[in-house]
Structure formats: structure tokens, C-alpha cells
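Only one structure is covered here, and it is reproduced in the block below.
All of the numbers you see were taken from the coordinates with simple rules; none came from a lab. Here the structure is a predicted model, which is why all the values come from computation and not from measurement. All Cβ positions, glycine included, derive from the backbone under ideal geometry; neighbour counts span all protein chains shown.
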Amino acid sequence: MRRDELPADQRLRITEIFHSIQGEADTVGWPTVFVRLTGCPLRCQYCDTAYAFDGGEWVSIENVLCRVAEYAPRYVTVTGGEPLAQKNCINLLTRLCNAGYRVSIETGGSLPITGMDARVTRVVDMKTPGSGECGRNLYENIPQLRRQDQVKFVICDRGDYEWSRRMVLERKLVEQCQVLFSPSHEQLKAVELADWILADRLPVRLQLQLHKYLWGNVPGH
């Protein structure tokens, strides 16, 4: 559908809507419908969804809800790209919550996480130096995090780990929300990251990208 055929407050550019196993965060392993919005202001060097930077199709929120409902899911994740780069994402999140789903959003942490429905679980990336986008972190987001939310560090090397460890301890992140440490796929061995976490008695959760172990780095999974 063309953009001008939809009301301005009811349209989103969508890259894909698909049903898969959640590979990350606190609902890992659960069947989940993913709504991937198009566009992202960041260019992380390890990005695995560059195909969502542009393209996509203009879809009404009603159409999105219909397509999600076809899978009869319990869990729905809105992701990107960067979903918050589209202002109507906030409306979509509320509509999904109203439909009875357990809703989460995966955001890169460079845009404000305020203003969305309180029922939404927010999974916020904290960009490490190895990402190439560390300077884009919006630290004002940190005080907004709640116990149901998660902050995620994708770690490329030992330097990233040390930076992340300092962030966790200095900002007392574990007192606010769940903290996830994830090895950058094919850049850092998971066992190395696990050993560092154990050696430092760091109270964070090791996270692997389960979907990549099941299907590899394949769009739509």
C-alpha cells in the first residue's frame, strides 16, 4: 500500500512479521510473533538486520493486528531496525497490549523510551565501544528502567566486557532491572564471556542468541 493511502497516525513501515522462537531476553524459548519495523539511525558493526534499514511496506496498524492474530500468539515483540524511530510505534504497542498479548520492544537505546504503554517490557541495548555506536547511548533512559525491563550489552571483546562491567557497577543497574550480557555472535566465544562473569562474581545474566543456534543468521527467524 502507498504511504499516502493511509492516515498519518495509522501507518507504519514494516519489513516483516513472522512467527519464531524468542532467542533473547526473559522470554527466551517461547513462541513469539515479531513485528520488525523498517529504519534505524544506528550502524552497529555487528548488526544482523541491515536488511531492515530501508525498504519495507507501508502497513496500517489494523493490518498489523490482523496479521499478528493469525498466529494466535501469547508473546509479541516489536523490533527493528529501530522501532522507536517511527512515532506510530507507540500506538502500535498500546493496541497490541489491548489485544491481550504480552508485548515487548527491542530498542537500540539511542532514542527516549518514555511515553509508551506501561504494560510493555522494554529491552534496551547499551551500546559498547566495540559496536561503533557507543557515543549514541541515551543515558537519560537508565532512570526510566523498571524491574520488568532489561538492559542488554552485546560484548565484542575483553575491552567491551570491562566497559560493561563498570557501567553495571557504577550505575547500579542490577538494582533497577535485569542485566543481560551477550557475546557478539562469531566475535566472542560464549565460554570466554561466561568465565569472565564467573571470575568477577558479576550478577548479570548470560544470554545467547538461541535463534542463531537453531537457524543461523537467517531473516525471518
#### Entry: Distance between modelled label sites at ASP157 and TYR46, nm, 7 Å Cα→Cβ extension
1.3 nm
#### Entry: the chain: antiparallel DSSP beta bridges as a percent of all, rounded to 5
30 percent
### Message
If you build the convex hull over the alpha carbons only and average its shadow over all orientations, what do you get for the chain? Give it in nm² to one decimal.
### Response
11.4 nm²
### Query
What does the charge dipole of the range 130-201 about its Cα centre add up to, to the nearest 20 debye, if the Cβ of each Lys and Arg holds +1 and the Cβ of each Asp and Glu holds -1?
280 debye
### Message
If you restrict to DSSP beta bridges whose two residues both lie in the range 1-87, what percentage is antiparallel, to the nearest 5?
### Response
70 percent
### Query
If we count other beta carbons within 10 Å of each Cβ, what is the order of LYS127, LYS189, fewest first?
LYS189, LYS127
### Message
Testing the spin-label approximation: label points 7 Å from Cα along Cα→Cβ at GLN148 and ALA190. State their distance in nm.
### Response
2.8 nm
### Task
Using only alpha carbon pairs under 8 Å that are at least six residues apart, calculate the relative contact order of the range 143-221 and give it in whole percent.
30 percent
### Message
If every alpha-carbon in the range 149-221 counts as one equal scatterer, what log10 I(q)/I(0) does Debye give at q = 0.13, 0.18, 0.20 1/Å?
### Response
-0.39, -0.70, -0.83
### Message
Taking the Cα centre as origin and putting +1 on Lys and Arg beta-carbons and -1 on Asp and Glu beta-carbons, what dipole magnitude results for the chain, to the nearest 20 debye?
### Response
420 debye
### Message
As a test of the formula, what do you get for the chain when each DSSP H run with n ≥ 4 contributes -39,500 (n - 2.57) and the sum is divided by the residue count, at 222 nm and rounded to the nearest 500 deg cm²/dmol?
### Response
-6500 deg cm²/dmol
### Task
Neighbouring Cβ atoms within 10 Å as the yardstick, rank LEU65, LEU214, LEU188 fewest first.
LEU214, LEU65, LEU188
